[in-house]
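K.L.:
The structure under discussion is supplied below as structure tokens; questions concerning it will follow.
The values are calculated or read from the model by the stated rules, or taken from the named source; none is laboratory data. These figures come from a predicted structure and were not determined experimentally. Glycine gets a Cβ as well: all are built from the backbone with ideal geometry, and neighbour counts include every protein chain shown.
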Amino acid sequence: MAFETNEQVLEKILSLEKPICPYCGTEMGLWEVPPINFSDGLGWGVPYLYLCFNYNCPLYEGGWDNLRENYTQNASHRCICYPGTTQFECMPVFSPIGAQGQIIDDQALTTAEMLKERPNAGFQC
Ligand SMILES: [Zn+2]
């Protein structure tokens, strides 16, 4: 794949159809991978992934009991998908709001655009 900036990658991904979670049949949301994952060896090698944000997803709901019983961990899984592929994998999450902060939805993109136009809006100390 040619070298691309994250913005170019995002543009391409946004033009793709969102995958459907194989566990619950819900349309998956786009998730920006935190940069820290790239430095600690846990990275997925892509800046964006699709993630199932459905709280009623069987993979997510069942994961809490499964991990607590088998690994004494208070964690669960969510289903992820590599954009442009049909490769579905599980990602661990450690709280009910795990990964929620980085959903890229239309609202977030609109907000980002607004801030770009009015750089002094928000983020004031
Ligand atoms: Zn799901």
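K.L.:
Find all pairs meeting these conditions: Cβ atoms under 7 angstrom apart; at least six residues apart or on different chains; first residue within segment 11-24 and aliphatic (A, V, I, L, M); second residue away from the ligand (no atom under 16 Å from the Cβ).
P.N.:
Sorted first by the residue in segment 11-24, then by its partner, the pairs are Ile13/Tyr48; Ile13/Pro83; Leu16/Pro83; Leu16/Gly84.
K.L.:
Which one of these is farther than 21 Å from Ala75 by Cβ, touching a Leu at 6+ places or on another chain (Cβ under 9 Å), at pLDDT 85 or above and surrounded by 12 or more Cβ atoms within 10 Å (Cβ to Cβ): Tyr48, Tyr23?
P.N.:
Tyr48
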